[in-house]
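Take a look at the structure below.
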Amino acid sequence: MSRILLAADVGNTRAKFALLKAGRSQKLPETLSSFIWKYDVPFARAELQTFANSQGATELECYLSGSHLGRIEEIVEFWPSELPEPRVIRTSTELPIELLVDYPDKVGVDRVLNAIATRFEQPGVPTITIDTGTATTIDVVSAAGAFLGGAILPGYELSAHALHDYTNKLPLIPLQEILGEVPAVIGKNTHAALRSGLIWGQVGAVNEVVTRIQQELALTEVKRPAIYLTGGAADLLQPHLNFKTIERPQLTLQGLACVAEL
């Protein structure tokens with residue numbers, strides 16, 4: 001195998017690295033393999049080196065981006081010297097897309113990379129992207145290919161911490177438990193009621209925001225939007241949405257790979 005892209009999406013709680021197949025085509029770049037660095041352990045420098053060499057690339061290009069600038073700088077500082085120096089994208093204004101928002105330089109890079117990926121795969125079609133992470137973002141791209149903005153709401157884990165940290169007695173529901181079996185809506189104890197509120201509240205919020213975005217888009221767009229779903233809690237959310245979605249688990253990294261090809 002010849003030319004491969006090593007891309008990293010550096011988020012609030014973890015960094016996701018992926019090797020993607022380079023080459024211009026009508027499809028999103030194919031993800032060959034990936035691994036995750038969680039910030040509760042030291043940066044896995046040796047593991048990254050081994051991972052980068054795992055696909056036998058004769059030409060390797062490296063790209064870093066994401067929402068956590070401090071972690072990006074840490075990765076750059078400890079980047080394996082054997083690997084090519086990474087191109088670091090720190091702000092959304094560095095990206096090849098029109099940002100029709102009030103403050104373009106303040107839009108999260110991950111949101112814009114998602115937009116670039118959906119525009120690449122659905123040219124001439126408006127898109128809505130739901131990304132379920134620490135925060136859940138719901139972002140919109142016009143049929144003309146411009147980023148229009150969107151909505152941001154607390155994700156599952158952030159909501160759980162808020163309920164625990166800002167009350168006296170409510171317990172903290174761990175993320176792995178939130179992502180477990182879907183609960184009954186009527187909780188019979190505090191723990192069950194919290195899980196119900198966290199899960200069904202998120203489902204209801206996403207359904208409502210997307211419905212209202214669709215109504216607003218219908219005033220200016222001829223085509224119906226394609227709706228994308230990505231992020232760590234996508235599998236929990238998807239069965240309960242009121243609309244069809246295109247699931248792309250590696251959408252942000254694929255957007256970064258698209259930037260490399262433009």
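Only the coordinates and a few stated rules stand behind these numbers; no lab work does. These numbers come from a predicted model, not from an experiment. Cβ coordinates were reconstructed from backbone atoms using ideal geometry, including for glycine residues, and neighbour counts include every protein chain displayed.
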Rounded Å value of the spacing that divides the Cα centres of the range 89-137 and the range 1-70: 19
Only Lys, Arg (+1) and Asp, Glu (-1) charged, at Cβ; the range 35-177 dipole about Cα centre in debye: 280
Protection proxy ranking of 88-99, 163-174 - average other beta-carbon atoms within 10 Å, highest first: 88-99, 163-174
Dipole of the chain, positive direction: furthest Cα of 22, 39, 191, with charges on the beta-carbon: 191
Gaussian network model of the chain, Cα within-10 Å springs - most flexible of 131, 139, 40: 40
Label-point gap, in nm, between residue 220 and residue 241 - each point 7 angstrom along Cα→Cβ: 2.2
Computed over the chain: relative contact order in percent, which uses C-alpha pairs under 8 Å that are six or more apart: 19
Furthest towards positive pole of dipole, 258, 232, 217, structure part the chain, Cβ charges: 217
Test item: Cα-centred dipole of the range 1-90, Lys/Arg +1 and Asp/Glu -1 on Cβ, debye: 360
Sorted peptide list for 110-119, 65-74, criterion being average Cβ within 10 angstrom, highest first: 110-119, 65-74
Sites residue 167 and residue 58 - FRET efficiency at Förster radius 45 Å, r taken between beta-carbons, to 0.05: 0.20
Separation of the residue 262 and residue 83 label points, Cα + 7 Å toward Cβ, nm: 2.3
Approximate spin-label separation residue 182-residue 208, in nm, with each point projected 7 Å along Cα-to-Cβ: 2.0
Estimated FRET transfer efficiency (residue 91, residue 200; beta-carbon r; R0 35 Å; 0.05): 0.45
Simple Cβ-charge dipole of the chain, Lys/Arg +1 and Asp/Glu -1, about Cα centre, in debye nearest 20: 560
Top positive-direction residue, dipole computed over the range 85-193 with Cβ charges, set 180, 125, 100: 180
Kyte-Doolittle mean at least -0.5, axial Cα span of 24 Å or more - DSSP H helices of the chain: 190-217
